[in-house]
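A.B. asks: This structure is in structure tokens; I'll ask about it shortly.
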Amino acid sequence: MKTILITGCSTGIGYYCATNLHKEGYRVIASCKQQSDVDALTKEGLTCIQLDLACNKSIHEGFNLALELCDGQLDALFNNGAYGQPGAVEDLPTDALRAQFEVNVFSWHTLTNLAVKHMRTRGTGRIIHNSSVLGLVALPYRGAYNASKFALEGLADTMRMELSNTNIQVSLIEPGPILSKFRENALHAFMKNINVNDSAHTENYQKQLNRLESDSAPQAFTLGPDAVYKKLLHALNAKTAKPRYYVTFPTYLMGYLKRLLSTRMLDKVLLNNK
């Protein structure tokens, strides 16, 4: 029985992957920030722990508890818990950018290093990061999130090479639009940290608010979390996991266009899809 620790399991991709891996017979240790979410998942029969990605102490305590719960036999880590901080780069408070990196990059780095140290003693393991199409290309008004995912991809690519002489494999899953509460959390971060009315981008911000407040899919080609789950299963079970797993048509398209187009031409395409 393989054991996996998954972060960000209260909703969306994390919840779907945790519950379905559990059904498949994996020993799943799910984690959530809020104790109420931990209690809810526990009632559903999952092993769930509280782990706040914005708190270094909570990360270490959560990881140690996960090791206890799996009797020191952790096979895989799926870094998933993250959020998006919208806003033009020039309007973005440095503290908001720092908070974005704290959750989306630094916490994953800490957890990954703890996991790799453990996996080295076992001689095997899988590290899987849930990245984004915005780790491949940038979009306007997503600067903080873009930067966090670009940083994540750089760390993951480097670690994959550094672990090439071990049986610890590192993979990136790169979704495009997936049904989740991502927009709801992004809207909260936007309203908290961005002064909409005192900005050169006020007109465009209204478009961003319309997008974030919409109940419909954020754009065409939106898929359910099952699309990510299928890639996760391959990364966990393949003899040789892929370095990257594209999910959704926009990710495949942007990966192709980035290789094909000049930077200026790609900018024009992306500006039409902001």
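The values are calculated or read from the model by the stated rules, or taken from the named source; none is laboratory data. What you see is a predicted model; the values in this text were computed from it and never measured. Quick reminder, even Gly has a Cβ in these numbers, built from the backbone with ideal geometry, and neighbours come from all protein chains shown.
A.B. asks: Could you tell me whether the stretch 12-30 includes any residue that is of a type in the set (S, T, N, Q), under 21 Å from residue 181 (Cα atoms) and touching a Cys at 6+ places or on another chain (Cβ under 7 Å)?
C.D. replies: No, the stretch 12-30 contains no residue that is of a type in the set (S, T, N, Q), under 21 Å from residue 181 (Cα atoms) and touching a Cys at 6+ places or on another chain (Cβ under 7 Å).
A.B. asks: I would also like to ask the following. Does residue 134 satisfy the condition of being assigned to a helix (DSSP H, G or I), in contact with a strand residue (DSSP E or B) (Cβ under 8 Å, 6 or more places away or on another chain) and crowded, with 20+ Cβ neighbours inside 10 Å?
C.D. replies: yes
A.B. asks: Could you tell me whether residue 161 is at pLDDT 95 or above, surrounded by fewer than 17 Cβ atoms within 10 Å (Cβ to Cβ) and not β-branched (Val, Ile, Thr)?
C.D. replies: Yes: the conditions hold for residue 161.
A.B. asks: On to the next question. Looking at residue 223 and the list (1) free of Cβ contacts under 8 Å to residues at least 60 places away in the same chain; (2) among the aliphatic types (A, V, I, L, M); (3) over 24 Å from residue 79 (Cβ atoms), which single condition is not satisfied?
C.D. replies: Only one criterion in (1) free of Cβ contacts under 8 Å to residues at least 60 places away in the same chain; (2) among the aliphatic types (A, V, I, L, M); (3) over 24 Å from residue 79 (Cβ atoms) is unmet by residue 223, namely (3).
A.B. asks: Could I ask something else about it? Quickly run through the stretch 173-226 and pick out the residues that are acidic (Asp, Glu) and either closer than 17 Å to residue 146 by Cβ or crowded, with 20+ Cβ neighbours inside 10 Å (or both).
C.D. replies: 174
A.B. asks: Taking the residues in the stretch 239-251 that are surrounded by fewer than 16 Cβ atoms within 10 Å (Cβ to Cβ) and modelled with pLDDT of 95 or more as candidates, determine which candidate is farthest from the chain's Cα centre (by Cα).
C.D. replies: The selected residue is 239.
A.B. asks: Same structure, new question: Considering only the stretch 245-255, how many residues are of a type in the set (A, V, I, L, M) and either in contact (Cβ under 8 Å) with a residue 12 or more places away in the chain or in contact with a strand residue (DSSP E or B) (Cβ under 6 Å, 6 or more places away or on another chain) (or both)?
C.D. replies: 2
A.B. asks: Any residue at all in the stretch 107-118 that is part of a helix (DSSP H, G or I), farther than 30 Å from residue 199 by Cα, without any contact (Cβ under 8 Å) to a residue 40 or more places away in the chain and out of contact with any Ser or Thr (no Cβ under 9 Å at 6 or more places or on another chain)?
C.D. replies: yes
A.B. asks: Can I ask one more? Quick test for you: out of 154, 123, pick the one residue that is surrounded by fewer than 20 Cβ atoms within 10 Å (Cβ to Cβ), of a type in the set (Gly, Ala, Ser) and more than 18 Å from residue 245 (Cα to Cα).
C.D. replies: 123
A.B. asks: Tell me, please, whether a residue that is out of contact with any helix residue (DSSP H, G or I) (no Cβ under 7 Å at 6 or more places or on another chain) and of a type in the set (A, V, I, L, M) can be found in the stretch 167-178.
C.D. replies: The answer is no; no qualifying residue exists.
A.B. asks: Now, a different point. Which one of these is assigned to a helix (DSSP H, G or I), touching a residue at least 60 places away in the same chain (Cβ under 8 Å) and charged (D, E, K, R): 242, 230, 258, 268?
C.D. replies: None of the others qualify; the one that does is 258.
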